[in-house]
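Here, each number is a calculation from the coordinates, and none is a lab measurement. Note that the coordinates shown come from a computational prediction; the quantities given were computed from them, not determined experimentally. As a convention, Cβ positions derive from the backbone with ideal geometry for all residues, glycine included, and neighbour counts pool all protein chains shown.
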Amino acid sequence: MKNAVGRDIPDFLLENGKEVYQGKNYMDGKYLQKAAPKTRRYEKPQESKIVESLAEALKQCGAKSGMTFSFHHHLRDGDFVVNMVMKAAIEELGLEDLTIAASSLGAAHDPIADYIEQGKVIGIQTSGIRGRMGEVVSKGKLRTRAIIRSHGGRPRAIEAGEVHIDIAFIAAPTSDCVGNCRGIGGKSNCGSMGYAMTDAKYADHVVVVTDCLVDFPNMPASVEAIDVDAVVVVDSIGNPKKIASAAARISQNPRDLMMAEDVARVIASTPYFKDGFSFQTGVGGPSLAANLFLEKYMDERNIKMGWAIGGICGPMVEMLKKGKVGKVIDVQDFDLDAVNSINQTPNHFEMSASQYANPANKGAFVNKLDFVVLAALEIDTGFNVNVLTGSDGILRGAPGGHPDTAAGSKCCIIVTPLIRGRMATVCEHVVTVTTPGDCVDVLVTDYGIAVNPLRPDLIECLDNAGIKHVPIEELKEKAYSMVGRPDDLQWEDEVVAVLEARDGTILDVIRKIKPYTLED
Amino acid sequence: MIPRPRPERFRLRRTMMFMNAQKPGLIKDAYIYGCDSIMLDLEDAVAENQKDAARFSLYHALKTIDYGDTEVIVRINGLDTPHWQEDIRVCVAGGADGIRIAKCESAQDVLTVEKHVEMAEEEFGVEKGRTLLMAALESPKGILNAYEICAASERMLGVAISGGDFRKCMQTKPTRDGIDMVTARGMMLIAARAAGVQCFDTVFTNLDDQEGFEAEVLQNKAMGFDGKSLINPKQIRYVHQVFAPTEKEIIQAEKIVRAYREQSAAGVGVFTVDGKMIDIAFIPGAERTLKLARACGLWEGDLV
């Protein structure tokens, strides 16, 4: 059955009330029955919840084959916890048929690909999937279909019981002996722990893994002891160098700067650019550099940013400290400047993934966003964006908060170079639709700007400001004229991953890749 | 092959951005930044043993990339090197709009290059006279001979001073107020105006010193330069901003041109606009202001 972005969704996926994507805000006003966890009572006072090893913690939580373990990705590419836990479960306890439900997975988790090939891990639910894991899933090695969700879609699915977490593992830079966790104060600091919060509230069991035990009480706690069954102290939860980079630097690449300046010009041309406006931007070259140019326009018009959200890094913290932005609320920190600022700098707050982006709750921050600036691997002439699959069709990306912020914001700007190497970024049809075109408003490239025809109001804004723009088809043709028109990818019929829209409907599917053979 | 229109000897040249002709990543789409001219460099940016590679890269860029209405000029190696003749053949064969003669010191240098350009036009079947020339003055002798250089050929579009080499000869360093080169800049400007060609200032190389850059651009504009050589795309926008006419200037120019057309049709040669005396001498300046305003996207009329 074709969905609202024209993707053919196989009927066999539409069981138990699952629907295809119908367009944005389709679920508005519907009711949701939340799924409460079954948790153990700890009535008798206990001095400490520290257990000797991960294996011991797993046993104590009744770990068995077939269970679902959850993880969060604040340690990013420096994370050791996923691999440690899975090794203990599979190699020490001999468990099988396990499902990993993570907020994201990356190259740090390459060893999990082996467990997938051995059939020990049979399910993956995540936002990001990269490296070897993406390759084995794309080759059809995972026994069940992977499920890809956005950062807002994940807490929605957890709260709705669509994914039931048997044991949640919290990678905690600091914890006390009963499991009050914080993202700072230790040796592997990550700052915000926003993605772990819903897991802790909805999992049957919660195990904290830390490499820095601190005195009770570890306050203010990101994950609270009231939800924690056991605490395991290990030598190291991650590689600090890969958890948070030294400081995100603003790009000096002239191409990035030119695009960033255009992003700022577009923003400044809209009626939403007024005192107290809200903003989110990515950490990619041109997205981050947009901060710089935006500040110029803010100074010129003597206005301040009301609040900023997102994954946060140094340049935004700098603006907070200078008083250019009122509040910063973040779900994740990307560099040490941000890590060292959260809950320390006045008006720099932490929030949960649900509070950030969940479309089914009653007050997600994304719904109050004026502007979001996002990157894209590909964008097609329907303004649909792909940030998940590579040009070879293999899973190597993450929807993250992309679909959530695009849907919630008043003005969603995609900024990307027109071509990357020999790949056209602006194309006829994206490989996978991760953000539907009806949520994307403006495209800024190094070869020109295009506005979604669904937004005549924004077209008028750009015209009034004298900002040139062209139909997106023109940008696509320009790209193809330089790098050529690519052949269609070849797929098997088998669906290896289902991409859920943030509301839980099916936005797209990823099929098993057919090895490409060159004709003689 | 990308057909390029016949180059215009006099056109808007506020910004000329230098790029190493050997770097495909740079030259493949240098036009996106919006400079008026790009200056593909075969000279100093290219190592001595890479001159051939750079020429190949340049030739194929000229043949396959559509630079649109961005002018494409090539800086060739000096006449004291073994490279310049082959450089000229490549420029002409590829269809470059113009050639910048490095270290030009005399009218004879221009004539020597012109002769070889003509030979190459003949050799490659390129329209005779198509390829424009400009001269870089890099020495005291070049500055002293500025007028004869500017007036040496119908192909000459203008002259530029090259600060690095000139300061070396003069044993000076860049100064904040530009005193180190003010005489040379002035002499070159006078010569260029006398010969009726354009005049461009040198590059500003300290990218971290935006304040110094802006001061120099303002001085360039005040002295009467047509444009400036640049080394980084991020310098373009400021130059265009400074060289753009003000709203007041545009309105005034429009009034002058309009009034002149009406009055001259009625047989009147001298008249007043807003209390100022206007005659034919004011017209080229006013027309230039309007053309500049249009190029800057500030004016959409059809008077010029």
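Values for this structure:
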read-out: Restricting region A:51-110 to GluC sites (Glu not before Pro) in coil, as DSSP defines it, with at most 11 other Cβ within 10 Å; value: A:E52
read-out: Set of aspartates and glutamates with alpha-carbon distance to B:K51 below 20 Å, sequence-local pairs under 8 removed; value: B:D41, B:E43, B:D80, B:E86, B:D87
read-out: Long-range tail of P(r) for region A:193-242 (Cα pairs > 18 Å, %); value: 35 percent
read-out: Nearest 10 degrees, 0 to 90: helix A:254-269 Cα axis against chain A principal axis; value: 80 degrees
read-out: Stokes-Einstein D in µm²/s, Kirkwood radius over Cα pairs - the protein assembly as shown at 10 °C with 1.306 mPa s viscosity; value: 53 µm²/s
read-out: Peptide B:20-32, shielding by other chains (average Cβ, 10 Å cutoff); value: 2
read-out: Rounded if a/c under 1.5, otherwise prolate or oblate - region A:212-279, Cα gyration tensor axes; value: oblate
read-out: Principal axis box of region A:140-244, alpha-carbon based, largest edge first, Å; value: 43, 31, 22
read-out: Taking region A:48-243 and dividing mean pair separation by its residue count, relative contact order in percent (alpha carbons under 8 Å, at least six apart); value: 26 percent
read-out: Diffusion constant of region B:63-198 at 10 °C, which comes from Stokes-Einstein with the Kirkwood Cα-pair radius and 1.306 mPa s, µm²/s; value: 103 µm²/s
read-out: Cross-link partners of A:K321 among lysines (Cα-Cα below 23 Å; sequence separation of 8 or more within a chain); value: A:K274, A:K296, A:K304, A:K368
read-out: Principal axes of region B:15-243: Cα extent on each, largest first, Å; value: 47, 36, 32
read-out: Per-peptide average of other Cβ atoms within 10 Å, ordering B:126-132, B:264-270 highest first; value: B:126-132, B:264-270
read-out: Fraction of the pair-distance distribution of region B:247-295 above 18 Å, Cα-Cα pairs, percent; value: 23 percent
read-out: Within the protein assembly as shown, helix-based [θ] at 222 nm, where runs of 4 or more DSSP H residues each add -39,500 (n - 2.57), nearest 500; value: -9000 deg cm²/dmol
read-out: Shielding by other protein chains, B:147-153, mean Cβ within 10 Å; value: 0
read-out: HN-Hα J in Hz across region A:279-288 - Karplus 6.51, -1.76, 1.60, θ = phi - 60°, x for Gly and Pro; value: 8, 9, 9, x, 9, x, x, x, 5, 5
read-out: Inter-chain Cβ neighbour average for residues A:479-487, partner chain, 10 Å; value: 1
read-out: Nonlocal amide H pairs with A:V496, under 5 Å, H built at 1.01 Å; value: A:I510, A:R511, A:K512
read-out: Proximal charge balance of A:D404 [Cβ under 13 Å; K/R count +1, D/E count -1]; value: +4
read-out: Where only C-alpha atoms are counted, convex hull volume of region B:82-122 per residue in Å³; value: 66 Å³
read-out: Region B:45-117: C-alpha gyration tensor shape, a/c 1.5 cut-off, then a/b vs b/c; value: oblate
read-out: Anchor A:K362: lysines whose Cα lies under 22 Å away (excluding residues fewer than 8 positions away in-chain); value: A:K24, A:K30, A:K34, A:K201, A:K327, A:K410
read-out: Distance (nanometres) between label positions extended 7 Å along Cα→Cβ at A:K296 and A:A36; value: 5.7 nm
read-out: For region A:71-125, convex hull volume per residue from C-alpha positions, Å³; value: 62 Å³
